[in-house]
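A.B. asks: Sharing a structure with you now.
The values are calculated or read from the model by the stated rules, or taken from the named source; none is laboratory data. The model shown is predicted, which means the values in this text are computed figures rather than measured ones. Glycine also receives a Cβ, built like all others from the backbone with ideal geometry; neighbour counts cover every protein chain displayed.
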Amino acid sequence: MLSFYARVLVLLLMGLLPMGVMAQTSTPSRTYTYLIYHKLAPGKTLQDALPVEREWRAINQAAVDEGKLIGWHMMVKQMTSNPNPAEYDYVSAIVSPTMSIGGASPAALAKLYGDSVQVRMADLQRRDRATAPVVKMEIWSTIENLFGPAFSPGKTPIAVVNFMRPYDAREIWQPEVEVMKRVEIDRIRKDGVGGWTFSSLMVPAGSEKGYRLATVQCLSDLSALVGLTPMPLSVHQTFETVRQEVFRFMEYTVRPTGPIDKKR
């Protein structure tokens with residue numbers, strides 16, 4: 001199990017899912033995401049974790065407002081093909097435009113906590129460890145992202161994630177990403193898909209993981225999967241879906257350049 005130090009490292013160093021990004025913004029196409037997997041402590045529920053994650057949201061919102069981050073979000077697992085469904089309960093993600101990630105400034109933290117920054121942060125860390133410890137972390141590089149005007153975590157709260165690998169590790173698979181991208185553009189324009197990303201796992205990327213690529217589709221609900229523009233056979237022949245998981249956005253930051261309906 002990862003210690004809370006891993007969580008602190010993310011904040012001090014401070015992207016699968018660039019939050020609050022629309023296709024028409026100037027956000028770079030390549031972003032970096034820290035996926036942080038949490039497992040609820042015995043006797044704890046999601047309702048216990050929400051106050052902790054909402055406090056992290058406020059801290060990361062300050063970093064977003066300062067231009068240090070693209071976004072932060074909390075996604076709760078709804079369904080999984082993982083044969084060990086109890087591996088973790090939810091994921092928090094921090095998305096950055098670069099690998100040299102920066103957190104909120106001392107001045108921003110002082111606005112949140114006044115002259116009690118150290119005391120309040122220590123208390124948050126204690127509650128975090130006691131409620132939903134970090135059990136795994138991954139760093140992903142998002143190679144392609146597309147977001148239509150209908151995208152927002154409030155309006156398209158379902159994220160379908162396909163963790164994949166090439167059937168043939170020696171095969172050049174990059175051209176098929178362009179094929180997928182053209183289809184996803186049609187799906188966003190015609191089929192009501194809110195957004196799509198294609199990402200590559202950076203670390204840890206050992207072969208025992210079984211996957212090293214991932215796609216994400218943002219949907220209003222799972223019924224949006226019915227009648228989607230079909231993906232060409234060449235894509236299915238190139239990529240194997242190792243694991244599929246369905247998440248729901250619960251908490252998220254807001255991009256200052258693109259306001260979205262954030263629930264309070």
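A.B. asks: So residue 7 clears everything in (1) within 15 Å of residue 135 (Cβ to Cβ); (2) modelled with pLDDT of 95 or more; (3) among the basic types (Lys, Arg) except one condition, right? Which one?
C.D. replies: So the condition that residue 7 fails would be (2).
The rows are residues; the columns are (1) at pLDDT below 95; (2) under 29 Å from residue 90 (Cα atoms); (3) surrounded by 21 or more Cβ atoms within 10 Å (Cβ to Cβ).
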| position | (1), (2), (3) |
| --- | --- |
| 145 | yes, yes, yes |
| 149 | yes, yes, no |
| 154 | yes, yes, no |
| 160 | no, yes, no |
| 172 | yes, no, no |
| 177 | no, yes, no |
| 184 | no, yes, yes |
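Every residue, every condition in (1) modelled with pLDDT under 95; (2) part of a loop (DSSP other than H, G, I, E, B); (3) surrounded by 17 or more Cβ atoms within 10 Å (Cβ to Cβ), yes or no:
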| site | (1), (2), (3) |
| --- | --- |
| 189 | yes, no, no |
| 196 | no, no, yes |
| 200 | no, no, no |
| 223 | yes, no, no |
| 227 | yes, yes, no |
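A.B. asks: Could you pull out the residue among 114, 103 that is within 15 Å of residue 55 (Cβ to Cβ), surrounded by 17 or more Cβ atoms within 10 Å (Cβ to Cβ) and either in the same structural domain as residue 46 (by TED's automatic domain parsing) or among the hydrophobic types (A, V, I, L, M, F, W, C) (or both)?
C.D. replies: From the options 114, 103, the qualifying one is 103.
A.B. asks: Would you point out which residue out of 132, 93, 122, 104 is touching a helix residue (DSSP H, G or I) at 6+ places or on another chain (Cβ under 6 Å), of a type in the set (A, V, I, L, M, F, W, C) and modelled with pLDDT of 95 or more?
C.D. replies: The match here is 132.
Residue-by-condition table, conditions (1) under 14 Å from the mean Cα position of the chain (by Cα); (2) buried (at least 19 other Cβ atoms within 10 Å of the Cβ); (3) not assigned by TED's automatic domain parsing to the domain that holds residue 121:
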{"site": "35", "(1), (2), (3)": "yes, yes, no"}
{"site": "44", "(1), (2), (3)": "no, no, no"}
{"site": "49", "(1), (2), (3)": "no, yes, no"}
{"site": "56", "(1), (2), (3)": "no, yes, no"}
{"site": "60", "(1), (2), (3)": "yes, yes, no"}
{"site": "65", "(1), (2), (3)": "no, no, no"}
{"site": "78", "(1), (2), (3)": "no, no, no"}
{"site": "82", "(1), (2), (3)": "no, no, no"}
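Yes/no per residue for (1) outside any loop (DSSP other than H, G, I, E, B); (2) closer than 30 Å to residue 181 by Cβ; (3) more than 22 Å from the chain's Cα centre (by Cα):
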site	(1), (2), (3)
87	no, no, no
93	yes, yes, no
100	no, yes, no
110	yes, no, yes
120	yes, no, yes
128	yes, no, no
138	yes, yes, no
150	no, yes, no
154	no, yes, no
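A.B. asks: Additional query: If you go through the stretch 229-264, how many residues are modelled with pLDDT of 90 or more and either surrounded by 13 or more Cβ atoms within 10 Å (Cβ to Cβ) or not polar (S, T, N, Q) (or both)?
C.D. replies: Adding up the residues that qualify gives 24.
A.B. asks: Oh, and also: Conditions: (1) touching a strand residue (DSSP E or B) at 6+ places or on another chain (Cβ under 9 Å); (2) surrounded by fewer than 14 Cβ atoms within 10 Å (Cβ to Cβ); (3) farther than 30 Å from residue 47 by Cβ. Residue 213 meets all but one. Number of the miss?
C.D. replies: Tallying (1) touching a strand residue (DSSP E or B) at 6+ places or on another chain (Cβ under 9 Å); (2) surrounded by fewer than 14 Cβ atoms within 10 Å (Cβ to Cβ); (3) farther than 30 Å from residue 47 by Cβ, residue 213 fails exactly one: (2).
A.B. asks: Now for a separate question. Does any residue of the stretch 161-173 turn out to be more than 16 Å from residue 141 (Cβ to Cβ), assigned to a strand (DSSP E or B) and out of contact with any helix residue (DSSP H, G or I) (no Cβ under 9 Å at 6 or more places or on another chain)?
C.D. replies: Yes - at least one qualifying residue is present in the stretch 161-173.
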